[in-house]
Amino acid sequence: MKWLNYKLLIFLIGCVWVASCRQGQNATDKNPVFNQPAVKEITEKINDHPKNAELYYSRGNMLHKLNEDSLALIDYKKAVHIDSSKAEYFSAIGNILFDHRDVTGSVEWLQKAILLNPQDRTAHLKIAKMFLFVADYPKAISEINIVLRQDVYNPEGYFLKGIVYRELKDTAKAISSLQAALNAEPKYKDAAMALGQIYSAKRDPTALTYFDNTFKIDTTDVLPLYAKGMYYQDAGKYEEAKAEYKNCIMHNTQYGNAYFNIGWILLQQDSLEKAWRQYDLVTKIQPNNAGAYYNRGLCNELMHKPQEALNDYKQALVFDDKYKDAIDAVHRLKK
């Protein structure tokens, strides 16, 4: 029953998203993205050559890079309508549908792409992701190998194979495949991060180098800094962990998890008032974070403020009514 409900949810999300695409189709000219010079230039070409499928496909690629996927999908479908012989057009549609959790719809388009071109790399890799998603690892590997046989330097293929091996708990093969992805594409952020996480799980300091390299690839993403903090925290090196979390906050003041973990460390160090302030900040950044309210309540209870603690525990249960620690705390303070 739970699986059926999940599938229904995925279907409904897909329906809502497709509906938004249809609405977008009636108002594409009103979207400010079409005023961007590159998009405007190709739109003018489309106006001059409305039967040119390649132009729609190119604009779709451009819109996809700008995160305008509903508009990109319209262009890709228009390209298919004009010319249904190009596998890459079908792959592009399948790719977007998969990214928006319409797995069933995605497979239909990807299979059409493979029928047109059995060597379509995009389609095979996206189907591999689907098999990874449903934990059918042998089929995922089979799809990946089709790509790697024709392109021995395909970084995404090695990356996906590394993730499959990681799920299979084959750490040596996972590291080898992820490293191959980085060798093929040194700025492959996801591969560098995955390697850092694998080494971190082994308590191997090599993880820190991969986290540093990941952050250098994209300094707008502070997850690698947070991961460094977690590495130190798990090793019991609390001051180093706090330093990394503070570095994380310096780059992104809204990163609630960093405040949360600083609060946890301060709790271990009996700095209750300082810990309270960290959890209070989290409740402002993430107002529905049940854990932040629970931990702020715990600080209040340890500081002998039972009513404030009770209020926080109850608030935690508003956002997670099955939060056992909060339920137990409410019962404890009501006695």
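The table below lists the values:
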{"read-out": "Helix 171-184 axis, angle to the chain major axis (alpha carbon atoms, nearest 10°)", "value": "50 degrees"}
{"read-out": "Expected 222 nm ellipticity per residue - DSSP helices of 4 or more, -39500 (n - 2.57), all of the chain, to 500", "value": "-25000 deg cm²/dmol"}
{"read-out": "Charge dipole magnitude, Cβ of K and R +1, D and E -1 - the chain, Cα centre, debye nearest 20", "value": "540 debye"}
{"read-out": "Magnitude of the charge dipole, the range 152-253, Cβ model with Lys/Arg +1 and Asp/Glu -1, debye to 20", "value": "160 debye"}
{"read-out": "(i) 19.6, 63; (ii) 24.6, 78; (iii) 21.4, 65, with the label sought being that of the calculated Rg and Dmax of the Cα atoms in Å", "value": "(ii)"}
{"read-out": "Most mobile listed residue (218, 75, 120) in the chain, GNM with C-alpha springs under 10 Å", "value": "218"}
{"read-out": "Protection proxy ranking, peptides 311-322, 184-195, 165-176, average beta carbon neighbours within 10 Å, highest first", "value": "184-195, 311-322, 165-176"}
{"read-out": "With Cα atoms, 0 to 90° folded angle of helix 290-302 axis to the chain main axis", "value": "10 degrees"}
{"read-out": "Relative intensity, log₁₀ I(q)/I(0), of the range 206-335 from a Debye sum that treats every alpha carbon as a point, q = 0.10, 0.13, 0.15, 0.21 Å⁻¹", "value": "-0.35, -0.56, -0.72, -1.12"}
{"read-out": "0 to 90° range, to nearest 10: angle between helix 137-150 axis and the chain longest Cα axis", "value": "50 degrees"}
{"read-out": "Principal axis dimensions, the range 152-253 - Cα atoms, whole angstrom, descending", "value": "43, 26, 17"}
{"read-out": "27 Å Cα-Cα threshold exceeded, pairs from 169/284; 40/112; 77/129; 274/314", "value": "169/284; 40/112"}
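Computed from the coordinates by the stated procedures, all read-outs in this text should not be read as laboratory data. Since we're looking at a predicted model, the values are computed, not measured. Counting neighbours? That spans all protein chains shown, and the Cβs are built from the backbone with ideal geometry, glycine included.
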